[in-house]
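Just below is one structure, and these are the notes that go with it.
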Amino acid sequence: MNTIATTDPLKTRSRQRSTLRGKLQDALPQIVLAPSFLLTIVFVYGFIVWTGYLSLTNSKTFPSYAITGTRAYERLWRWTLESDPPSSWYTSITNMGIFGSLYIGICLALGLLLAILLDQKIRGEGVLRPIFLYPMALSFIVTGVAWKWFLDPGLGLEQTLHHMGWTSFHFDWIKNKDFVIYTVVIAGVWQASGFVMAMFLAGLRGIDGEIMKAAQIDGASSFQLYRRIIIPLLRPIFLSAFIVLAHMAIKSYDLVVALTSGGPGGSAWLPSNFMYEYTFKRNEMAVGSASAIIMLMTISAIIVPYLYSELKEKAR
Amino acid sequence: MRTFLTTTAVVALALGSAFAPARAADVKEVQMLHWWTSGGEAAALNVLKQDLAKEGFAWKDVPVAGGGGDAAMTALKAMVAAGNLPTASQMLGYTVLDYAKAGVMGDLTDIAKKEGWDKAVPVALQKFSVYNGKWVAVPVNVHSVNWLWINKAVMDKIGGTQPKTFDDLIALLEKAKAAGVTPLALGGQAWQEATMFDSIVMSTGGSDFYKKAFNDLDDASLKSDTMKKAFDNLAKIVKYADANYSGRDWNLATAMVIKGDALVQVMGDWAKGEFVAAKKAPDADFLCYRFPGTDGSVIYNSDMFGMFNVPADRKSAQVALAAATLSKSFQSAFNVVKGSVPARTDVPDTAFDACGKKGMADLKSANESGKLVGSLAQGYGAAPAIANAYKDVVSKFVHGQIKTSDEAVKQLVQAIDDAR
């Protein structure tokens, strides 16, 4: 804080004033910042520490404060290895892997494709862009409920096609324990890919036209142009989109609840569902806290290296 | 940095004093946390509000964002943690005991003695309303889980009769299937599957077995061949559901029976509310039978009003609420609307329909013969951690993650051990 303050010329000038008003003005930015600083300290970092603490107790319905060791983590670890029949935790983390990789991967690919197609100076771009972007404006609950009806074999797509005469059509993923997680991917991708498209579109518009012209003069085909020049230039966008999608994937909770209510036999659970279920419905606060800490460590494993590399580049 | 932290601290103090709680307790007011906000339930609760208004007590709902029992329980947890106790809260089974253990429940023993609740309220229910000899909650109603709800028109069409044994039931379902009707209306959500399994276990092993396994959590019973047979029976009956049952809400399954798309639903007596709301009459349009093999026994769950340890100046309102809740007139008026039966056995059954009358008679006889047992699926058999572990296993068995009844029994024992 102070290092920034002393280099500020305005600040140095005001420091010479010693009136009350001057002092107050001096302190103004700090006074304004203080509440949000305090709130963040308490409600983000304070509660992270609190959750970590609870995960080492044997808290059930209510927090208990005596540290009793790592039993919650041991249980989670045992459940991690329990694949047949799958424990709820095993289902949650494997679903996280499937959902996370497909959701991020398809969103990136689809977003990039849409952005490239929209960038071909086509007519009506102004109409198409908001159409693709619009799903992002919906909440996960709305997305979930709408897709739930659409994918329900007795209500939506399958029923409609049967009425139209295609009676052999069969699509019951949402009712199938092995495929229900993929319906979550479908709904998630539908919602987020337009947003990723907007990010890539902004990136494409930012590329210097001279580079492209030079490449075209050198005889590069448009495939080569994208493959060798444009996509590598979009690297920072990939990174930002990845971070945005990754954290959205990890905290997806409402989508699973609205779309599948947990799926047949709990087969659509993600770790966040697990955490909520155990903490609030099953009164196993310690286990819930331990799973929350594991989720936090997963997110950190992704975010920290990113922040580190970003800050290092800035410092250079 | 240090000056910054100092300023932060000063601002924090200033904010803290500005937001310090400033509210005076109103003696003539009942603060009530509940999730009976929809149609019939809200109307039923209005009776209580009017009863209290006659005695001069105002009613204030504690708002719950999002509605539903889970949101209400989360809100309650936060209120209790903040020391901001409501007069009473709608609560279920073990939640009352959890809060009583935490020492935040009030004591209604004086009024209970005066009104003779010990004798009027079924003994099995007192396990949840009395803690360490003190009355901490009052039951509002008793639901029972082991019912079959049958569409009479469909039943007549296929020429079926009341099933007396589990095999009869399977034969009946087979008849419906042959006639091209969906035999079993099932909602494929964990709690519904487990609710049905409650009835199957009692039908397979009898009420003593049910009590040993699902209330006392006796290891030998949980591991027994009877339990294995119950899982086999579950597998048999689930085959009669339509292909699209997974994830269906219970009231949609009930609607299938009401419309005649399906023959039977195995569900608690709250399903009757749906029939009544659709202007269907018992015996004329629909039939209510006990799940075959469970006649004379009742697997119950119950809504309770937990009474908190409020300051002395709010106590009179609380006592009035408790007394009004257990009054015979309210018990009758409320339960006629809700579809459940009164939580005391000495209420006249004149206002009830045929199913309600049967429910009340069954409750009375089950209470006397010790065949009134708490539903594990509905959280009256064991603590929530265990009840949910049980629902997991049943649901995983129904949906095929657990493939055999041997494996299911093994998983059940392990899951319950884990959650203990």
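The values are calculated or read from the model by the stated rules, or taken from the named source; none is laboratory data. Every value quoted in this text rests on a predicted model; they were computed, and no experiment measured them. All Cβ positions, even for glycine, are placed from backbone atoms using ideal geometry, and neighbour counts span all protein chains on display. Keep in mind that these areas ignore ligands, DNA and RNA; they rest on the heavy atoms of the full protein, side chains included. Shrake-Rupley method; radii C 1.70, N 1.55, O 1.52, S 1.80 Å.
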Please find, within the range A:128-145, the residue that is nearest to the other protein chains (Cβ to nearest Cβ) out of those that are within 19 Å of residue A:253 (Cα to Cα) and crowded, with 17+ Cβ neighbours inside 10 Å. A:144
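Per-residue answers, yes or no, for (1) under 19 Å from residue B:393 (Cα atoms); (2) among the β-branched types (Val, Ile, Thr); (3) free of Cβ contacts under 8 Å to residues at least 24 places away in the same chain:
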{"site": "B:204", "(1), (2), (3)": "yes, yes, no"}
{"site": "B:210", "(1), (2), (3)": "yes, no, no"}
{"site": "B:218", "(1), (2), (3)": "yes, no, yes"}
{"site": "B:223", "(1), (2), (3)": "yes, no, no"}
{"site": "B:229", "(1), (2), (3)": "yes, no, no"}
{"site": "B:233", "(1), (2), (3)": "yes, no, no"}
{"site": "B:242", "(1), (2), (3)": "no, no, no"}
{"site": "B:248", "(1), (2), (3)": "yes, no, no"}
Subset of the range B:383-420 [at the interface with chain A (Cβ under 7 Å from one of its Cβ atoms) and polar (S, T, N, Q)]: B:388, B:395, B:401, B:411
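Only one residue in A:262, A:288 is within 14 Å of chain B (Cβ to nearest Cβ) and closer than 21 Å to residue A:143 by Cβ, so which one is that?
Values: A:288 fails: closer than 21 Å to residue A:143 by Cβ.
Answer to the selection: A:262.
Restrict the check to the range B:335-342 and report whether at least one residue is farther than 26 Å from residue B:279 by Cβ and outside the structural domain of residue B:275 (by TED's automatic domain parsing).
So the first thing to find is which residues in the range B:335-342 are farther than 26 Å from residue B:279 by Cβ, and the list is none.
So far as the range B:335-342 goes, no, none of its residues is farther than 26 Å from residue B:279 by Cβ and outside the structural domain of residue B:275 (by TED's automatic domain parsing).
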With respect to residue A:235, is the statement that it is within 30 Å of residue A:96 (Cβ to Cβ) and either in contact with a Lys or Arg (Cβ under 8 Å, 6 or more places away or on another chain) or open to solvent by 60 Å² or more (accessible area, probe 1.4 Å) (or both) true? yes
In the set A:222, A:291, which member is among the small types (Gly, Ala, Ser) and in contact with a Phe, Trp or Tyr (Cβ under 7 Å, 6 or more places away or on another chain)? A:291
Which of the following residues is crowded, with 18+ Cβ neighbours inside 10 Å, facing another protein chain (nearest Cβ under 10 Å) and under 30 Å from residue A:181 (Cα atoms): A:92, A:87? A:87
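Determine if the range A:105-114 includes at least one residue that is out of contact with any Cys (no Cβ under 7 Å at 6 or more places or on another chain), buried (at least 17 other Cβ atoms within 10 Å of the Cβ) and within 14 Å of another protein chain (Cβ to nearest Cβ).
We begin by selecting, within the range A:105-114, every residue out of contact with any Cys (no Cβ under 7 Å at 6 or more places or on another chain); these are A:105-114.
Filter once more, so that each one left must be buried (at least 17 other Cβ atoms within 10 Å of the Cβ): A:106-108, A:110-112, A:114.
Restricting the remaining residues to those that are within 14 Å of another protein chain (Cβ to nearest Cβ) gives none.
The answer is no; no qualifying residue exists.
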Wholly within the range B:262-349, which strands (runs of 3 or more DSSP E) include no fewer than the required count, namely at least 1 residues that are among the small types (Gly, Ala, Ser) and in contact with a strand residue (DSSP E or B) (Cβ under 9 Å, 6 or more places away or on another chain)? B:262-266, B:303-307
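Can you list the helices (runs of 4 or more DSSP H) lying wholly within the range A:207-277 that have 2 or more residues being of a type in the set (Ser, Thr, Tyr)? Talk me through it step by step, then tell me what you get.
Working: elements: A:209-217, A:235-251, A:254-260, A:271-276.
Correct list: A:271-276.
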Within the range B:212-239, can you find the residues that are over 23 Å from residue B:169 (Cα atoms) and either touching a Ser or Thr at 6+ places or on another chain (Cβ under 8 Å) or part of a helix (DSSP H, G or I) (or both)? B:212, B:213, B:214, B:215, B:219, B:220, B:221, B:222, B:223
Scanning the range B:350-377 for residues that are polar (S, T, N, Q) and part of a loop (DSSP other than H, G, I, E, B), which turns out surrounded by the most Cβ atoms within 10 Å (Cβ to Cβ)? B:375
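I'd like the residue in the range B:201-228 that is of a type outside the set (S, T, N, Q) and in contact with a strand residue (DSSP E or B) (Cβ under 7 Å, 6 or more places away or on another chain) and, out of all such residues, is nearest to residue B:367 (Cα to Cα). Explain how you work it out, then say what you get.
From the range B:201-228, those of a type outside the set (S, T, N, Q) are B:201-202, B:205-206, B:208-214, B:216-220, B:222-223, B:225, B:227-228; that's our starting set.
Now restrict to residues that are in contact with a strand residue (DSSP E or B) (Cβ under 7 Å, 6 or more places away or on another chain): B:202, B:210-211.
Details: B:202: 16, B:210: 15, B:211: 14 Å.
Among residues in the range B:201-228 that are of a type outside the set (S, T, N, Q) and in contact with a strand residue (DSSP E or B) (Cβ under 7 Å, 6 or more places away or on another chain), the one nearest to residue B:367 (Cα to Cα) is B:211.
Restricted to the range B:45-60, and to residues that are in contact (Cβ under 8 Å) with a residue 24 or more places away in the chain and in contact with a strand residue (DSSP E or B) (Cβ under 7 Å, 6 or more places away or on another chain), which residue is most open to solvent (accessible area, probe 1.4 Å)? Steps first, answer last, please.
As a first pass, look at the range B:45-60 and keep what is in contact (Cβ under 8 Å) with a residue 24 or more places away in the chain: B:45, B:47-48, B:51-52, B:55-60.
Of the ones still in play, those that are also in contact with a strand residue (DSSP E or B) (Cβ under 7 Å, 6 or more places away or on another chain) are B:52, B:57-60.
Working: B:52: 1, B:57: 20, B:58: 51, B:59: 48, B:60: 97 Å².
Among residues in the range B:45-60 that are in contact (Cβ under 8 Å) with a residue 24 or more places away in the chain and in contact with a strand residue (DSSP E or B) (Cβ under 7 Å, 6 or more places away or on another chain), the one most open to solvent (accessible area, probe 1.4 Å) is B:60.
Can you confirm whether residue A:148 is open to solvent by 40 Å² or more (accessible area, probe 1.4 Å) and among the charged types (D, E, K, R)?
On the way: open to solvent by 40 Å² or more (accessible area, probe 1.4 Å): yes; among the charged types (D, E, K, R): yes.
So residue A:148 passes the test.
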Is one or more of the residues making up the range A:48-58 surrounded by 14 or more Cβ atoms within 10 Å (Cβ to Cβ), over 29 Å from the mean Cα position of the chain (by Cα) and either under 30 Å from residue B:97 (Cβ atoms) or not charged (D, E, K, R) (or both)? yes
Tell me, yes or no, whether the range B:240-258 has at least one residue that is more than 14 Å from chain A (Cβ to nearest Cβ) and not in a helix (DSSP H, G or I). yes
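Counting residues that are at negative phi and more than 27 Å from the chain's Cα centre (by Cα), which helices (runs of 4 or more DSSP H) fully inside the range A:106-170 reach at least 1? Step through it out loud before you land on a result.
Numbers: elements: A:125-133, A:140-151, A:157-163.
Correct list: A:125-133, A:157-163.
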What number goes with the only condition from (1) free of Cβ contacts under 8 Å to residues at least 60 places away in the same chain; (2) open to solvent by 60 Å² or more (accessible area, probe 1.4 Å); (3) not β-branched (Val, Ile, Thr) that residue A:71 does not pass? (1)
